[in-house]
Every structure is written in structure tokens, then in C-alpha cells.
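**Q** The structure under discussion is supplied below as C-alpha cells; questions concerning it will follow.
Nothing in this text is a laboratory measurement; each read-out follows from the coordinates by a stated rule. The structure displayed is predicted, hence computed values, not measured ones. Positions of Cβ are backbone-derived with ideal geometry, glycine not excepted, and every protein chain shown enters the neighbour counts.
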Amino acid sequence: MAVRRTTSSTPQARHSPPTPPKFSWIALLHQARHSITGSAREAFDEADFFYHPEGATRPDLELVATRDAFLASDPERAQSARCRFPARFQLLIERGLLLDVPRGACPELDA
């Protein structure tokens, strides 16, 4: 027996931006089922890998902080973030969480 899928026809459902699949965002943050602890956590902290102070344990907060960094009013800060995390940037573009935002030139990536 085939199962029919139905979609919501409410205006909000049609126009809400899609959220990235949890597994994709989690993978980009290098998170597993267990929290990052010990020397691994220290390495991520030292590398400024997370924009949000709780980003290592709260991927939802990290998503918002990352998006804010990509859209920063300071063009240099925004460009630096986009070049620093190209996979995060691409995922947010693909999922419709960033609209009409060019990556710009990234010498290290474009070489």
C-alpha cells in the first residue's frame, strides 16, 4: 500500500525558510552524540572554531551566531567569516537561510 505524503498549504509553511538537516549542521561542527571534552574541546576553543560561547554544545546557538557573522555589518568581518567557514556558508545558502549573499573573493580558497 502506497503512503501519500501531504504538505501543509498554510502561508507560513510555504514561506518559512527551511532549516538545515540536523546531521549536516552537526557534521560541520564536528559534533557527535557526546559533548566535545578534554583536549579536543581545548583545540576547538583555541582555534576559535565556534562563534557562540556555547557553540560546542548548542548547535542551534552556533547556527544563529554563524549566520550573524556571515551577515555582519562590517564587510571585512563578514567576508572573513565566509572565507573561514566555506562549508557552513554553502550549507546555509543551500538551505535558504542566506539569500542573495555572495561569498566574495577568498584568496586561500580560490588559489
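**Q** Calculate, for ASP110 and SER73, the FRET efficiency according to 1/(1 + (r/R0)^6) with r their C-beta to C-beta distance and R0 35 Å; round to the nearest 0.05. Mind showing how you got there, number by number?
**A** Details: r = 24 Å, r/R0 = 0.70.
Efficiency, rounded to the nearest 0.05: 0.90.
**Q** Could you derive backbone 3J(HN,Hα) for the stretch 85-96 from the dihedral phi with the Karplus parameters 6.51, -1.76 and 1.60 (θ = phi - 60°), listing whole Hz in sequence and x where the residue is Gly or Pro?
**A** The phi angles translate into 10, x, 5, 4, 4, 4, 4, 5, 5, 4, 8, x Hz.
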